[in-house]
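The values are calculated or read from the model by the stated rules, or taken from the named source; none is laboratory data. Computed from a predicted model, the values in this text were never measured in an experiment. When we count neighbours, we look across all protein chains shown, and the Cβ atoms used for this are built from the backbone with ideal geometry, even at glycine.
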Amino acid sequence: MRSTAALVLILSPVAPLFALTWDQTTIERDTMGEKVNAEFHFTNKAAVPVRIQAVQTSCGCTVAAPQKREYAPGESGTLPVTHDPEGRTGVRAYRITVRTDEDGAKPDELILKVNIARQIEAGVRVAVWEQGEERAAKSIPFKIDARSPVAVTGAQPEKDLVSAEVVDGPAPGEEFLKITPKEDVAPGQTRIRLVTEPPLHDSVSGLFFAVLR
């Protein structure tokens, strides 16, 4: 009986480690702030079916779900991934961990690398009027990324210390934020938001500031 049981164990097909072979484990995408979609393609190279038991991402802003859970020998599949920048900017990498029913196998690690452009760039974001300085208008230059679908339609100070308007610059995409202190206002400071269509998160468009000393 023992020899028979041993023979059964030997002859029973066991999925080899790392049965899922991925076409690529890292995907890079560029975005202007809109959602990013990517697909990781794989094939089951084992002689037995392999089941995906769990898929986890390193951030709630990234969602990944397989088209189905079990894949026959030689069958290919796709793992769709969607990332929502949610106001983030810069180059960011998100990990997707895939666990299967392969005994002793380490989880597969996939990487989605996203380059999120700051759609509005400005070298300086603060206009300062020193005590005793004439309260004349000051302009801050800024530039809209040529790839951006965003249009800047105005500017809105949070406090009633200054007025603000957007003035066209010398070249397409180049603009000026013109800030004028109001008469007889006490020293203070205020944030100024650009009004855009479609609306942008503050961390993407960037805030501007006026300081009256």
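Comparison of R51, R92 shows that the only residue that is free of Cβ contacts under 8 Å to residues at least 40 places away in the same chain and outside any loop (DSSP other than H, G, I, E, B) is R92. Residues in region 36-80 that are touching a Ser or Thr at 6+ places or on another chain (Cβ under 6 Å) and under 30 Å from P198 (Cβ atoms): N37, E39, V63, A64.
Evaluating F176 against the criteria (1) in contact (Cβ under 8 Å) with a residue 60 or more places away in the chain; (2) assigned to a strand (DSSP E or B); (3) crowded, with 16+ Cβ neighbours inside 10 Å; (4) of a type outside the set (G, A, S) leaves one unmet condition, (1). Picking from residues in region 19-35 that are in a strand (DSSP E or B) and among the polar types (S, T, N, Q), the one that is farthest from E197 (Cα to Cα) is T21.
A quick yes/no check of all residues on (1) modelled with pLDDT under 95; (2) under 30 Å from S205 (Cα atoms); (3) surrounded by fewer than 16 Cβ atoms within 10 Å (Cβ to Cβ):
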| site | (1), (2), (3) |
| --- | --- |
| S76 | no, no, yes |
| L79 | no, no, no |
| H83 | no, yes, no |
| T89 | yes, yes, no |
| E102 | yes, no, no |
| E109 | no, no, yes |
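Residues in region 182-202 that are out of contact with any helix residue (DSSP H, G or I) (no Cβ under 9 Å at 6 or more places or on another chain) and of a type in the set (S, T, N, Q) were compared, and the one that is farthest from R118 (Cα to Cα) is Q189. Taken together, the residues in region 197-210 that are assigned to a strand (DSSP E or B), surrounded by fewer than 22 Cβ atoms within 10 Å (Cβ to Cβ) and under 23 Å from the mean Cα position of the chain (by Cα) amount to 1. Every condition in (1) surrounded by 13 or more Cβ atoms within 10 Å (Cβ to Cβ); (2) assigned by TED's automatic domain parsing to the domain that holds A65; (3) at pLDDT 95 or above is met by A93 except one, and the failing one is (1). The set of residues from region 151-171 being without any contact (Cβ under 8 Å) to a residue 12 or more places away in the chain and part of a loop (DSSP other than H, G, I, E, B) comprises P170, A171. Within region 54-71, being polar (S, T, N, Q) and more than 14 Å from A93 (Cα to Cα) holds for Q56, Q67.
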